[in-house]
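All of the numbers you see were taken from the coordinates with simple rules; none came from a lab. Computed from a prediction, not measured in an experiment: that's the story for all the values here. Don't worry about glycine lacking a Cβ; one is built from the backbone with ideal geometry, like all the others, and counts go over all protein chains shown.
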Amino acid sequence: MEPLSFVLSQLTFVLFGAPAAFHPSIRPMGWPARIAASFGLGAIVLTLEAMLFSLCGLRWGNRTLAIPLVLIAAIISWRLRKHPAEPRRPLRPNVLTGLLAGSLIAVTLLLFVHALVIGTATSVEFVLFEGTKAVRFAVAKGFDANFLRSPFSVHTHPGAPPLFPATLSWFALGREEPMWTWAPLSAAIWLMASIPLVLELLRRVLHDTVALTATAFWTVAMAAALTHAHSAGTADASWLFYGTVAFAALLTERGSGASTPLAAGALSGLALTKSGGVLFSLILVAVFATSTFIVSRKSLHPAFSRSVGRLAIVFTAPLFSAGLWGVFLIVNHLALRDPSAGSFSLWSSRWWEAVAGSETAALHAGTWGLAFIIPATVILLSVRHWNGWMLAGVIFVSAAMAIASITYMKEWTDPTDLIATTFPHLMQWPLSILIITAGFAQRRDHELFATDTSEKPARFQQS
């Protein structure tokens, strides 16, 4: 019953984030995607509430944390359900393709769960980093500042955002036995939550058959990448969830503003998951602002300023989330910068050969590199159809590769071993974006922000 208890404890996040399922921009999606969006939002609001409790000196408890969130979620959901929304478009892929893609997704998830249960995908970071912090937070019933300040805790990255250990602490609260055995299953939960959202967002611009095929390929590639990198017990799967949803939501918005809440929430989760969340949120917003400028200048579209304004609003969400965690660190005299991080003053070009060779070898991703090669080939073959929305994905993947390379250049010793252990983790989100961009390459008769659908039909207007 222990694994079932862990899974159910994680699924309670759906109750905390229920308003996401009733938001007019998400209601046109199917129930699996609506539940997945609620799950992601629930983890965010639980983490933010846990921060506020710790800042105010209040001790955590399952009831004290859950009751306010459930009441607030119920009130907001009730109000949101009164707002009109577009009707859901039924999923109607080719029958054979649907059966094959569905079977492939199901088999992939079963194999992934099996790898998690037998421990072949579990990371040592779970013992040294995320799991240790989760248990200490649960025992202290709060973010334990004394533990984080200890010089013997430097290996746990004390200043790293706390969303993932906080979600594990939620299960460990009040339990005599820790969650070491079953907590790695969280990777499967986050991956499963990503799938329906990826599918629904792809359906905005692709035929159902193409969208389902791309989603199946994405599932196989990401499950293999997570397993190959030994990502179970780390924040990789949650980082992948928020990063993928944010990118796909912005990519499919097309100037309507419908994706602004979803993208903002996803970037907020990104900022609460890993230290680079705010930086990559800024890069993502800048990439889409650049793509919007390129497309709007080409078509002289008047929606450019509105689109950039929405992107600015989206970026305020990760700033707020990261800012609240920054306040906690400052109040408790904790370093804002990871003390184990190197200094860019050590940057040197002498490692460029080692970095290039090691990064290339690390693109294996559990698929002999096919997860990268296939979508990259699709994108290259579609080069004459490139436009703003494809450019956004290509620029971001290139920027992520460049940032990773620059980071390794600042090491004072040969970074080959470091790259072999860390680069497979770093490239999971760029790989996800590469696959989604390749999927969007099949939509050749549409350009991002080519139309502004902010003016809704009369039947969708609030009376």
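For G17, the amide hydrogen comes within under 5 Å of the amide hydrogens of G42, counting only partners 5 or more places away or on other chains and with H modelled in the peptide plane. Amide H contacts of N94 (H built 1.01 Å from N, in plane; Pro and chain starts excluded): T209 sit under 5 Å, all sequence-distant by 5 or more or on other chains.
Computed from label points 7 Å out along Cα-Cβ, the spacing between L99 and L58 is 5.4 nm.
Going from the fewest other Cβ atoms within 10 Å to the most, the residues W429, W368 appear in the order W368, W429. A Cβ-based charge dipole, computed about the Cα centre of the chain with Lys and Arg at +1 and Asp and Glu at -1, lands at about 1520 debye.
In order along region 75-83, the phi-based Karplus estimate (6.51 cos²θ - 1.76 cosθ + 1.60, θ = phi - 60°) of 3J(HN,Hα) comes to 5, 5, 4, 4, 6, 5, 5, 7, 7 Hz; Gly and Pro are listed as x.
Note that region 140-156 has calculated 3J(HN,Hα) couplings of 7, 6, x, 6, 6, 5, 5, 5, 5, 7, 4, x, 8, 10, 4, 6, 8 Hz, one per residue in order, obtained from phi through the Karplus relation 6.51 cos²θ - 1.76 cosθ + 1.60 (θ = phi - 60°); glycine and proline are x. Multiplying the residue separation of T377 and A312 by 0.36 nm and subtracting their alpha-carbon distance yields 20.1 nm.
Ellipticity at 222 nm from helices only: DSSP H runs of n ≥ 4 in the chain, each -39500 (n - 2.57), divided by the residue count, give -21000 deg cm²/dmol. Sorted ascending by nearby beta carbons within 10 Å, beginning with the fewest, L262, L69, L267, L15 become L15, L69, L262, L267. Would you please give the FRET efficiency between R337 and H114, computed as 1/(1 + (r/R0)^6) with r the Cβ-Cβ distance and R0 = 41 Å, to the nearest 0.05? Once the sixth-power term is evaluated, E becomes 0.55. Remark: relative contact order (the chain) = 19 percent; criterion is Cα-Cα distance under 8 angstrom and separation of 6 or more residues. Cβ-to-Cβ counts within 10 Å put E130, E359 in ascending order as E359, E130, the fewest first.
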